[in-house]
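Below is one structure, written out as structure tokens; comments come after it.
The values are calculated or read from the model by the stated rules, or taken from the named source; none is laboratory data. Given the structure is predicted, the values throughout are model-derived calculations rather than measurements. When we count neighbours, we look across all protein chains shown, and the Cβ atoms used for this are built from the backbone with ideal geometry, even at glycine. Quick note on the areas: whole protein, heavy atoms, side chains included, nothing else; ligands and nucleic acids left out. Shrake-Rupley method; radii C 1.70, N 1.55, O 1.52, S 1.80 Å.
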Amino acid sequence: MSTANPTLLCIPDISGFTQFMSDTDIELSSRVIPSLLNKVIYANEIGLRVSEIEGDAILFYKTGPLPKFKELVDQCRKFYTEFYAQLKNLKEQHDTKHSGYFPDILGLKIILHYGEQISAVPIGKNIKLMGEDVIIAHRLLKNKVKSEEYILISENLLDQYKNEVIEKNFGWGTLHERETAYEHIGEINYSYIKLAPLLEEEE
């Protein structure tokens with residue numbers, strides 16, 4: 001029987017995925033999406049483990065002590081910049097072959113949440129995460145943020161870093177507070193910061 005543990009959840013999710021799959025042929029989409037997801041997986045530097053790959057998203061988790069807040073933010077930055085570096089490479093590779101038809105619609109958002117009671121259950125060779133906070137993390141993908149690219153941090157996770165100065169770790173923008181009510185769960189508070197300014201830093 002699996003023991004429930006405090007667990008960090010991280011979900012990098014490709015925005016524009018559904019439209020991209022609809023607007024491009026299967027040959028292109030079957031190369032582009034796995035390549036982008038693999039790039040995100042291999043950009044992991046803080047010991048996150050993969051529980052599931054869900055078409056357009058990766059469910060990472062980490063039990064035990066949380067990383068320092070700056071380390072977590074830096075990891076999200078790396079996910080984003082590596083994602084875009086790979087996206088740029090893929091566009092250069094496939095634009096000519098596909099007559100320039102590579103829709104400029106893909107982006108990345110990252111959900112961060114923390115649960116006190118999450119079980120990691122072995123199913124075959126995979127680990128299935130169980131618990132209400134896993135559901136909450138997935139629900140947070142549907143929110144009130146009017147942007148396609150951002151880091152969203154639940155209040156529950158931010159509360160774990162009360163003794164750290166949060167704002168100073170976001171040198172490219174400002175955290176904004178929001179809340180969303182979910183059926184059967186209630187209102188969840190979170191903060192978010194847009195990721196797009198990081199691309200301007202890279203240029």
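Residues in the range 135-158 that are touching a residue at least 24 places away in the same chain (Cβ under 8 Å) and out of contact with any Lys or Arg (no Cβ under 9 Å at 6 or more places or on another chain): 13 in all. Can you spot a residue in the range 9-17 that is buried (at least 18 other Cβ atoms within 10 Å of the Cβ), in a strand (DSSP E or B) and of a type in the set (D, E)? Yes, the range 9-17 contains a residue that is buried (at least 18 other Cβ atoms within 10 Å of the Cβ), in a strand (DSSP E or B) and of a type in the set (D, E).
For the range 23-67, a residue qualifies if it is surrounded by 14 or more Cβ atoms within 10 Å (Cβ to Cβ), free of Cβ contacts under 8 Å to residues at least 40 places away in the same chain, part of a helix (DSSP H, G or I) and of a type in the set (S, T, N, Q), and exactly one does: S29. Restricting K109, K144, K78 to those that are of a type in the set (K, R) and open to solvent by 70 Å² or more (accessible area, probe 1.4 Å) reduces the list to K144.
The residue that is surrounded by the most Cβ atoms within 10 Å (Cβ to Cβ), counting only those in the range 164-203 that are out of contact with any Phe, Trp or Tyr (no Cβ under 9 Å at 6 or more places or on another chain) and assigned to a strand (DSSP E or B), is Y190. Among the numbered conditions (1) at pLDDT 95 or above; (2) crowded, with 17+ Cβ neighbours inside 10 Å, the only one that F20 does not meet is (1).
Residue count for the range 131-157 under the criterion of being part of a helix (DSSP H, G or I) and among the β-branched types (V, I, T): the result is 3.
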